[in-house]
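Input: a single structure, listed below in structure tokens.
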Amino acid sequence: MSGIVVTGVSKSFGSTRVLGGVSLDIASGEFVSLVGPSGCGKTTLMRIIAGLERPDSGRIEINQRDVTSIRAADRDVAMVFQNYALYPHLTVHQNISVPLVFRRLSAMERLPGVGRLVPGTGARRQEISALVRQSAGLLGLDELLARKPGQLSGGQRQRVALARAIVRQPKAFLMDEPLSNLDAALRVQTRKEIVEIHRRVGASTVYVTHDQSEAMTMSDRVAVMMGGDILQIATPEEIYANPVDLRVATFIGSPKINTQTAVVGDDGHVRVGHEPTGLSSPHRGVVTLAIRPEHLAPAASGQVGAGLSCSIDHVEFLGDSLLVHTRAAATSETMIVRIGGTNRAGLTRGATLTLGFNLTAALLFDAQGKRAAMEPTAVASAAAPERRVAHG
Ligand code: ATP
């Protein structure tokens, strides 16, 4: 059963096209991140799913109900934003109880003092209190229920906002950059908590972030958005290893994937400058060869084959590995190599290096940035059938 189905949603603000016919199918209980650079339309798409913004065209379904023209309050979704939007004069307990108080008690029953005289109000208030304690317990807020938001840390406030979102057991969660106000350590801890809560509560979740590492570590699937379109939606592993578009390949991964301008000659060989790469393609003309830093390695001296000649710009020490920043001789384009261990021997600024790379992990993109077919050339694979790192 589908949780959230977005079909052909478009939106413009004045003459600015913000979403250009986006479709997205989120399974029941699935955690999907919308990730992309600032201004790509993530928040607008989420606000349309929430019902806070109307699409120009398209349809939104939540748990098989068409909610396109249903107002936000009746969509049964809970939202968590970057600013926690807690009521400063209410305690943590009262803040968490707000969505239930408004849903389960009438205006009369909500009145302080008088409301308690309405028959049944006491029992309903007790039920609400039990649910508040349950969600506070899930988020480790039991000891803080009597405090006001001003007496909490940023991370605790965000947990209160999460508890308030889960208390009414919504069909879907929509989260827009919920961690961006937290410092780096707290962000990592809170993202684990969100994943854990999602696992326990099991509601479909849309999570908006511009931080690709957040999207990659938390999600069942990641939707990469750019310029108002979803370029690819897939598991984190698939997005990383098999990007369909050069913009996806360069957005995902840190450090960025290396790119080299290359040419496929009439013989089908992919060359960087005059250097053969060991790859062939049925495509012809200018292409982009993309290789992740961990798939490059200095070629062992004396090995036959070309590889890519580079000169070293500088070396970064990462504790357990080195990032060697180089420049390809043929193109002057940067190539970053991740080398395990800390042995800097031979890795001095200005030194030249021949880089071999894992042919099966390299990616090729055509002039429009779409994936182009390629395979190891017959010569290279015959010369090195077992080798994962190839050298020309
Ligand atoms: P960020 O990561 O910076 O929040 P985003 O991907 O969430 O960006 P949106 O907030 O969806 O992007 O905005 C997409 C585009 O729509 C931006 O160019 C923004 O300026 C524009 N936009 C958003 N809301 C409005 C509005 N109410 N009126 C006019 N333009 C808007």
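None of the figures in this text is laboratory data; all of them are computed from the coordinates on show. The model shown is predicted, which means the values in this text are computed figures rather than measured ones. As a convention, Cβ positions derive from the backbone with ideal geometry for all residues, glycine included, and neighbour counts pool all protein chains shown.
A few notes on this one:
- Over all pairs of different C-alpha atoms, the chain has a mean inverse distance whose reciprocal, the Kirkwood radius, equals 24.1 Å.
- Across the chain, the mean sequence separation of Cα contacts (distance under 8 Å, 6 or more residues apart), normalised by length, yields a relative contact order of 15 percent.
- GNM result for the chain, Cα springs below 10 Å: residue of ARG200, ARG338, ARG247 fluctuating most strongly: ARG200
- Whether region 210-340 is rounded, prolate or oblate, judged on the alpha carbon gyration tensor where a/c under 1.5 counts as rounded: oblate
- Charged-residue dipole, Cβ positions (Lys, Arg, Asp, Glu), region 176-301 about Cα centre, Debye nearest 20: 100
- Considering only MET218, VAL208, GLN82, the residue lying farthest towards the positive end of the dipole of the chain is GLN82, judged by Cα position with unit charges set on Cβ.
- Take every Cα pair under 8 Å whose residues are at least 6 apart in sequence, average their separation, divide by the length of region 19-105, and the relative contact order is 18 percent.
- Ratio Rg/Rh, restricted to region 276-353 and using Cα atoms, in which Rh is the Kirkwood radius: 0.99
- Debye, to nearest 20: dipole size of region 42-94, +1 on Lys, Arg Cβ, -1 on Asp, Glu Cβ: 80
- With contacts taken as Cα pairs under 8 Å at a separation of at least 6 residues, region 229-383 carries a relative contact order of 25 percent.
- Dipole of the chain, positive end: most advanced residue of THR342, ALA373, ILE252 [Cβ charges, Cα centre]: ILE252
- Rounded to the nearest 500, the helix-only mean residue ellipticity at 222 nm of the chain stands at -7500 deg cm²/dmol, with each DSSP H run of n ≥ 4 adding -39,500 (n - 2.57).
- When the convex hull of its Cα atoms is projected in every direction, mean area for region 315-374 (nm²): 5.4
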